[in-house]
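The values are calculated or read from the model by the stated rules, or taken from the named source; none is laboratory data. Note that the structure is a prediction, hence the values are computed from the model and not measured. Cβ placement follows ideal geometry from the backbone for every residue including glycine, while neighbour counts extend to all protein chains displayed. Heavy atoms of the whole protein, side chains included, go into the accessibility calculation; ligands, DNA and RNA do not. Shrake-Rupley method; radii C 1.70, N 1.55, O 1.52, S 1.80 Å.
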Amino acid sequence: MKNPVSRYRLPAGSRRFVPALVAALLLGALPEGAFAGTTKTPAEPISSLWVKPVDLPSRDLFAGPPGPQIASGETFHFKSSDTKGHSDGYDVKDSKGRTWDVKLGDEAQPEVVTSRILWALGYHQPIVRYVSHWRMAGGPTTQPEPGRFRLASDHRTEGEWSWHKNPFVETPAYRGLVLANVILNNWDLDRTNNRVYRSDLWPKGQERRYVVQDVGASLAKTRWPIGTRNDLEDFESQDFVIGVRNGRVEFDFHGNHTDLVRDMKPPDVAWICRLMSRLSDRQLDDAFRAAEYPPEVRARYVRKIREKIAQGLELGDGREARR
């Protein structure tokens with residue numbers, strides 16, 4: 001190490017896990033309501049992006065956000081085909097007249113998992129379900145392949161929002177959203193995947209929601225120019241934190257959007273990792289079970305996510321300010 005003052009690199013052995021005592025001390029030292037970095041009041045209420053998950057330890061990641069469930073073998077009426085983007089899909093309507101956006105292919109499973117975890121952490125997410133057996137009436141096939149169903153008829157869409165220019169860019173909750181996606185290796189952080197939802201039926205302060213709605217390019221490997229999707233061995237091959245240089249964290253994150261993590265500091269990482277550490281192994285397993293991953297695959301994904309959280313906690317808390 002040429003410059004031990006300006007650079008800190010995690011020891012090889014400690015990058016795999018954090019002893020329970022150290023984790024407990026960190027959790028105790030960092031108040032749950034503590035926020036990192038700038039505390040400038042956003043132009044919109046933070047509840048439009050993030051709501052503190054006071055019930056986080058009890059959130060059901062198998063069921064996901066409250067809303068309509070889909071029975072195995074249910075029949076949907078075909079509206080149109082969707083051939084835009086990496087994954088093909090359909091727009092369909094269920095027997096109660098609700099509209100769903102269906103995504104097929106290798107993004108379907110990881111999108112359900114990543115969406116469940118983001119929702120558990122307090123970020124707004126659409127209602128998504130993974131359905132392996134379903135039927136379609138009036139479309140190009142009667143027995144489509146498994147898909148991710150996203151409810152589209154419970155809100156209006158007001159357009160896209162930018163990662164770089166939004167009301168929350170200086171808040172720890174925004175930084176936490178970026179870093180949670182980094183932990184899950186979602187490399188497609190393009191603004192075209194971000195939407196502003198609105199519904200007058202949602203709670204006060206949440207009628208307008210900033211949502212990352214397409215998170216299926218995850219749970220694999222980030223790389224230039226295009227990463228992989230839904231690949232366990234690829235996911236296991238990458239770490240989260242590499243070290244710290246000049247007060248800024250360096251990540252094992254590669255691709256088109258590394259600029260989003262360029263100025264992240266240890267308190268930013270500690271904030272989201274502390275939050276994620278409150279999820280139990282059972283909850284994380286339930287997120288993967290909801291997307292019908294087999295048990296042995298679920299266990300390995302959960303283990304790797306735990307390792308990444310541990311790497312973030314090892315950085316320490318730095319100095320934090322309350323919101």
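Annotations for the structure displayed:
- Of all residues making up segment 152-175, the number that are among the β-branched types (Val, Ile, Thr), part of a loop (DSSP other than H, G, I, E, B) and either out of contact with any helix residue (DSSP H, G or I) (no Cβ under 7 Å at 6 or more places or on another chain) or surrounded by fewer than 19 Cβ atoms within 10 Å (Cβ to Cβ) (or both): 1
- Some residue of segment 223-237 being of a type outside the set (Phe, Trp, Tyr), open to solvent by less than 10 Å² (accessible area, probe 1.4 Å) and not in a strand (DSSP E or B): yes
- Positions within segment 238-253 being part of a loop (DSSP other than H, G, I, E, B) and surrounded by 16 or more Cβ atoms within 10 Å (Cβ to Cβ), in sequence order: Gln238, Asp239, Phe240, Asp252, Phe253
- Members of segment 265-320 found to be among the polar types (S, T, N, Q) and within 15 Å of Phe251 (Cβ to Cβ), listed by number: Gln311
- Any hit, segment 113-121, residues being in contact with a helix residue (DSSP H, G or I) (Cβ under 8 Å, 6 or more places away or on another chain) and farther than 17 Å from Gly216 by Cβ: yes
- Residue in segment 176-219 that is least open to solvent (accessible area, probe 1.4 Å), counting only those that are outside any loop (DSSP other than H, G, I, E, B) and of a type in the set (Lys, Arg): Arg209
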